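Worksheet: one structure, shown below.
The values are calculated or read from the model by the stated rules, or taken from the named source; none is laboratory data. Note that the coordinates shown come from a computational prediction; the quantities given were computed from them, not determined experimentally. All Cβ positions, glycine included, derive from the backbone under ideal geometry; neighbour counts span all protein chains shown.
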Amino acid sequence: MDDSENTSTNPRILDGVSSIGDLIERRLSRRTLLRGGAGAVALALAPGLASCATSDGAQATRFDFPEIPRGSGASHLLPEGYSAQVLLRWGDALFADSPPFTPSAQTAAAQNRQFGYNNDFIGFVPLDEAGRHGLLCVNHEYTSTPLMFPNVASDLPGRMTAELCAVERAAHGASIVEIRETNGRWRVVNPSRYNRRVTADTPMILTGPAAGHPRLATSADPSGRSVAGTINNCAGGITPWGTYLAAEENFNLYFVGAVAQDHPEARNHARYGVPARIYAWGRFDPRFDVSREPNEPNRFGWIVEIDPRNPEAPPKKRTALGRFKHEGAESVVAPDGRVVLYMGDDQRFDYVYKFVTARAYNPSTPEVNRDLLDDGALYVARFDESGDVIWMPLVHGQGPLTAENGFHSQADVLIETRRAADLLGATPMDRPEDVEPNPATGRVYVSLTNNSARTPENVNAANPRANNIAGHVIEIIEPGGDFTALQSRWEILVLCGDPANPEAGATWNVATSANGWFGSPDNVAIDPRGRLWVATDGNEFTGADDGLWALETEGALRGAGRAFFRAPVGAEVCGPRFAPDGRTLFLAVQHPGDGSSASYEAPTTRWPDFDAATPPRPAVLAIRRNDGGAVGG
Ligand code: FEO
Ligand code: CA
Ligand code: CA
Ligand code: CA
């Protein structure tokens, strides 16, 4: 969505991004560019590079499913013996009074009562012991405007109206949906006392050290403590106490207008790419116009905590977790009971973070955990050539984070997390997406989706390829399984791309088949058996639609990929989430039918309904093995 980058530190050669116009052009033609953009890569072998290329085939795979072939198609594809149920589609009813889905005449009132657009993160909060009844928590990251509305694609954002923008705002945010499984079939419970829509207009509160700071105050909210809505919620997490974290990512896309170069927020806004002027909302709602409300962008870019069991509770933006283009927020309980969250900032040359709560999680007294995320320490990662990860605290008054550099309080450090991390010398990464801890092994998987702007001059040990169009996966090893450690180890699990092309510099295990390799890793999941699964966003350059791959992390097959799911054309795959029994995999298919010139009238597929009058619909699938066994074998 936003292919701009951190240009704040070392000077870099920018590959053609010199204006907002270029940014929009790049956004619209990203997939086309990637298709033709292989180019030569210079591979500097990192000291921490894992050795995967063993030919010892003695160890059996931990996965048992027949691989699907590489390719592209109008529908999704699964291994033989598996089936997918379309559980929730954009426009589906969530409430007794939800109007029918009428794509040709959408209204904000209807969309507010229906499942939103572009499902991304999926969480599952069980309501029974077996995990066959629970709450599905789904992010609606953004709206694909040309695919969503009739007769707009030829002139955007010019054809947008106030009402269409209101529909888009209602299609953003999150859905909480009660679901139940009977005999292998899931159904949406409706009516349900839990079902809820959270949108770009839902009242929510700011909490933690930055709440109430004057930099968060606007004319609508002089207190700096209450905010309307959440936007661009990408990946996220479920906490040990059963709340749902939705990560606000590319919030800059929604802002228009400008502040003067000498405005106190000018440097801050520039570091976050505000305003990007992609959406038209600011034409009709002054809060998205920074010339009118220069502090409004400071109220986005946070982790939002939602209590799915309490539909009346306002969501809370937890400022202690920092402000950046948040991707995941998966957490784990450390041996001493404190909770550790891992987070990426998905921008080229931005950083990996972790947050450690000040207090321990208390499983027996849930109310004690209610505000655990308001108090703790935020750290940013430096990946050293020695193979160490140094976690550097973002604490006001320490090191360069002082008034001299414009940080007058911890609130300033949190509002401008990126600039604080720049000054600490964090390692610029190749677009950190999901970051997933494996509680059983003490290891953490970092998806680095790609970075075509990495040059031979600015490779580093943890990001060793120039023009990294294929991305890579890093494994962090927390010493002795202590997730709170401030010094960890790291290795590259796999450098993605085509292993048959020496110029790609890929490092798959030799057991990987011609279908088993991929590019552009994004959302990752650990299944109940502790195995790693990787979903992709931007894999088309490899000649295959985006999909889901199993990736071995242990033994002789470590670094071997295996193709499990292929999305319909134009879609990326998000939110892999296994039901607690491992027998259902929930998968989000985002922006099906997309393409460089795709529109409502001419999408690249009409998945999943395949009805000539219905546009493609982002949807959540429930995938099961036909014999009811564990997904993945
Ligand atoms: Fe929304 Fe970084 O993917
Ligand atoms: Ca993502
Ligand atoms: Ca994940
Ligand atoms: Ca992505």
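Of all residues in the stretch 554-568, those being crowded, with 23+ Cβ neighbours inside 10 Å and assigned to a loop (DSSP other than H, G, I, E, B) number 4. Among the residues of the stretch 438-461, the one identified as within 16 Å of ligand 3 (Cβ to nearest atom), assigned to a loop (DSSP other than H, G, I, E, B) and surrounded by 24 or more Cβ atoms within 10 Å (Cβ to Cβ) is Thr449.
One residue alone among Ser83, Ser75, Ser144, Ser104 is out of contact with any Gly (no Cβ under 6 Å at 6 or more places or on another chain), hydroxyl-bearing (Ser, Thr, Tyr) and surrounded by 17 or more Cβ atoms within 10 Å (Cβ to Cβ), and that residue is Ser144.
May I ask you to list the residues in the stretch 335-383 that are part of a loop (DSSP other than H, G, I, E, B), crowded, with 17+ Cβ neighbours inside 10 Å and away from ligand 3 (no atom under 16 Å from the Cβ)? Answer for the stretch 335-383, where residues must be part of a loop (DSSP other than H, G, I, E, B), crowded, with 17+ Cβ neighbours inside 10 Å and away from ligand 3 (no atom under 16 Å from the Cβ): Gln347, Phe349, Asp350, Tyr351, Tyr361.
Lys317: more than 16 Å from ligand 3 (Cβ to nearest atom), touching a residue at least 24 places away in the same chain (Cβ under 8 Å) and out of contact with any helix residue (DSSP H, G or I) (no Cβ under 7 Å at 6 or more places or on another chain), yes or no? Yes. For the stretch 481-525, give me each residue that is of a type in the set (A, V, I, L, M, F, W, C) and either within 16 Å of ligand 4 (Cβ to nearest atom) or surrounded by fewer than 22 Cβ atoms within 10 Å (Cβ to Cβ) (or both). Across the stretch 481-525, the qualifying residues are Ala485, Leu486, Cys496, Ala500, Val510, Ala514, Phe518, Val524, Ala525.
Scan the stretch 321-334 for residues that are in contact with a Ser or Thr (Cβ under 8 Å, 6 or more places away or on another chain) and either part of a strand (DSSP E or B) or among the hydrophobic types (A, V, I, L, M, F, W, C) (or both) and the total you get is 3. Failed condition for Val435, given (1) more than 27 Å from Ala377 (Cα to Cα); (2) crowded, with 24+ Cβ neighbours inside 10 Å; (3) within 16 Å of ligand 1 (Cβ to nearest atom), with all others met? Val435 satisfies every listed condition except (1). Only residues that are in a loop (DSSP other than H, G, I, E, B) and under 22 Å from the mean Cα position of the chain (by Cα): list them for the stretch 617-633, please. Answer for the stretch 617-633, where residues must be in a loop (DSSP other than H, G, I, E, B) and under 22 Å from the mean Cα position of the chain (by Cα): Arg617, Pro618. Restricting attention to the stretch 247-296, the residues being within 16 Å of ligand 2 (Cβ to nearest atom) and either small (Gly, Ala, Ser) or in contact with a strand residue (DSSP E or B) (Cβ under 6 Å, 6 or more places away or on another chain) (or both) number 3.
Residues in the stretch 526-543 that are within 15 Å of ligand 4 (Cβ to nearest atom) and surrounded by fewer than 24 Cβ atoms within 10 Å (Cβ to Cβ): 3 in all.
Per the conditions (1) in a loop (DSSP other than H, G, I, E, B); (2) more than 16 Å from ligand 1 (Cβ to nearest atom), the sole criterion not satisfied by Ile492 is (1).
Of the residues Thr604, Thr614, the single one that is within 16 Å of Ala544 (Cβ to Cβ) and over 23 Å from the mean Cα position of the chain (by Cα) is Thr604. Just the residues that are buried (at least 20 other Cβ atoms within 10 Å of the Cβ) and either in a helix (DSSP H, G or I) or touching a helix residue (DSSP H, G or I) at 6+ places or on another chain (Cβ under 7 Å) (or both), please, taken from the stretch 107-141. Hits for the stretch 107-141 are Gln111, Asn112, Gly116, Tyr117, His140. Reported count of residues in the stretch 576-633, each being buried (at least 22 other Cβ atoms within 10 Å of the Cβ) and modelled with pLDDT under 95, is 0. Mind checking whether some residue in the stretch 230-239 is small (Gly, Ala, Ser), surrounded by 19 or more Cβ atoms within 10 Å (Cβ to Cβ), at pLDDT 95 or above and part of a loop (DSSP other than H, G, I, E, B)? No, because not a single residue in the stretch 230-239 is small (Gly, Ala, Ser), surrounded by 19 or more Cβ atoms within 10 Å (Cβ to Cβ), at pLDDT 95 or above and part of a loop (DSSP other than H, G, I, E, B). Taking first residues from the stretch 341-365 that are within 19 Å of Cys234 (Cα to Cα) and partners that are of a type in the set (Lys, Arg) and within 16 Å of ligand 3 (Cβ to nearest atom), the Cβ contacts under 6 Å between residues at least 6 apart in sequence or on separate chains come to Tyr342/Lys354; Asp346/Arg431; Arg348/Arg431. For the stretch 597-624, the set of residues classified as closer than 23 Å to Ala174 by Cβ and of a type in the set (Phe, Trp, Tyr) consists of Trp607 only.
Looking across the stretch 144-161, the residues that are away from ligand 2 (no atom under 16 Å from the Cβ) and of a type in the set (S, T, N, Q) come down to Thr145, Asn151, Ser154, Thr161.
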